[in-house]
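Below is one structure, written out as structure tokens, with a few remarks after it.
Values in this text are rule-based calculations from the coordinates and carry no lab data. Small disclaimer: the values here were computed from a predicted structure and weren't measured. Cβ: placed from backbone, ideal geometry, glycine included. Neighbour counts: every protein chain shown.
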Amino acid sequence: MSLCQAIANIVRPYAAGKHVDVVRVKIGALRQAVPDSLSFCWTLLRDYEDMPDAELEFEVVNAEIDCRSCGHHSTIDSPWSLSCPDCESADVEVLRGNEFLVTSLDVS
Ligand SMILES: [Zn+2]
């Protein structure tokens, strides 16, 4: 629920007085946010926030890591195992995957 609230907090000042059609959100895989459950809580929240037709669209960003053990750069699509796919070391640097951005709005 908190991510939905955060989205609403970002959108609200831009939406002031306008009709919001689409809210586009970029979200990193490491956020462990399930788009289905986010969409569900958004449908509850948007009425309360007085933007009843605002659709939420997601762009999920895969996580990227640099392994400190073997030096490999890897893309990770599962948020549940943050380790190097090559050597299975957990000593990794996370380069991407924690994004949480409202990238654009369609208003009318
Ligand atoms: Zn490695």
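Descriptive notes on the structure:
- Distance in nm between pseudo-label sites at THR103 and CYS87 (7 Å out along the Cβ direction from Cα): 3.3
- Positive-end residue, the chain charge dipole about Cα centroid, Cβ charges, pick of PRO35, TYR48, CYS84: TYR48
- Crossing angle, helix 2-15 versus the chain [Cα axis fit, 0-90 degrees, rounded to tens]: 50
- Nearest-ten-degree value, helix 35-48 long axis tilted from longest Cα axis of the chain: 30
- Antiparallel bridge percentage (DSSP; both residues within the chain; nearest 5): 70
- Dipole magnitude for the chain: computed about the Cα centre from +1 point charges on Lys and Arg Cβ and -1 point charges on Asp and Glu Cβ, it is near 300 debye.
- Projection of the Cα convex hull of the chain, averaged over all directions and equal to a quarter of that hull's surface, yields 6.8 nm².
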